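What follows is a set of notes on a single structure, which appears directly below.
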Amino acid sequence: MSSRLASFRAPSTPSSSPVKNPQSPRSPHAARSTESTYHRKLRASLQELRATCRTWDDLVRKDGLKAVRELVDARTDLDNMLTLVPEGEQPRSLLVGPKLSYMDERIATIDLVISKLRKQFQKMSSIIDDMEALLADAHRTKGWLWVCSEPMWTTWPMEKFVTSASDILWPYRRSLELHVELLDTLRTHDVSFETSRKAANTWVEQPCLEDDSWDAKWEALCEVEVDRWDSR
């Protein structure tokens, strides 16, 4: 948790600015007429975080999975070809060489996907930093009661949005580490078919995100808690 958020664990000294008393949840129409820059920036950050998480999924399930499957299939084809080589004879280089080159290209593609996943994770971290800075600024200008008790749109105050959103980083970090481990497993050309198959399945399943991805935890919540959530 960022040091910027430490002050929100207990009430801080209120700002000199007048602080509104907590209000009951407002209707969407009322929320639209009272939106501040903080509302707009928070919504934009949440939407950007959603887009980043979905780009992550596209990288894993499309580019990454395609390269992983092509690598596993190429290894299987090569193994089948080698079983046809008479015992005691060496396979021809024209048979093995192109297959090994193709597999190395697929590994390079997966390496590139991993690099892109790192960038997406860095982007997630940067978005969270921006949200924490926004919260700190609102704390200074609006006061502790506003950021911790005043509903932004429906029921959640800004503090709850920001401190909860930061929790999304851990499962994505662990998922990134798992994808790196899976690539290390697949990088060796003598890995067994069964091990490769399990690695490919784990790659697309993303077990670290099963219950903690954006869509699993945040999308339905934002549809309820954030006014004009899908506005463009």
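All of the numbers you see were taken from the coordinates with simple rules; none came from a lab. What you are looking at is a predicted structure, and each value in this text was computed from that prediction instead of being measured. Cβ: placed from backbone, ideal geometry, glycine included. Neighbour counts: every protein chain shown.
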Check your understanding: When each pair of different Cα atoms in the stretch 81-232 is counted once in the 1/r mean, what is the Kirkwood radius in angstroms, to one decimal?
Key -> 19.4
Study note, to complete from the structure: Among Lys41/Lys142; Lys62/Lys198; Lys99/Lys198; Lys123/Lys198; Lys116/Lys142; Lys119/Lys142, the pairs whose Cα-Cα distance exceeds 27 Å are Lys123/Lys198; Lys116/Lys142; Lys119/Lys142
Point to revise | Proximal lysines to Lys217, defined as alpha-carbon separation beneath 17 angstrom and excluding residues fewer than eight positions away on the same chain | key: Lys160
Review point. Sorted from fewest to most neighbouring beta carbons within 10 Å, what does the list Arg50, Arg75 look like?
Key: Arg50, Arg75
Point to revise | Fewest-first sequence of His189, His139, His39 by Cβ atoms within 10 Å of each Cβ | key: His189, His39, His139
Study note, to complete from the structure: Fewest to most Cβ atoms within 10 Å: Phe161, Phe121, Phe193 sort as Phe193, Phe121, Phe161
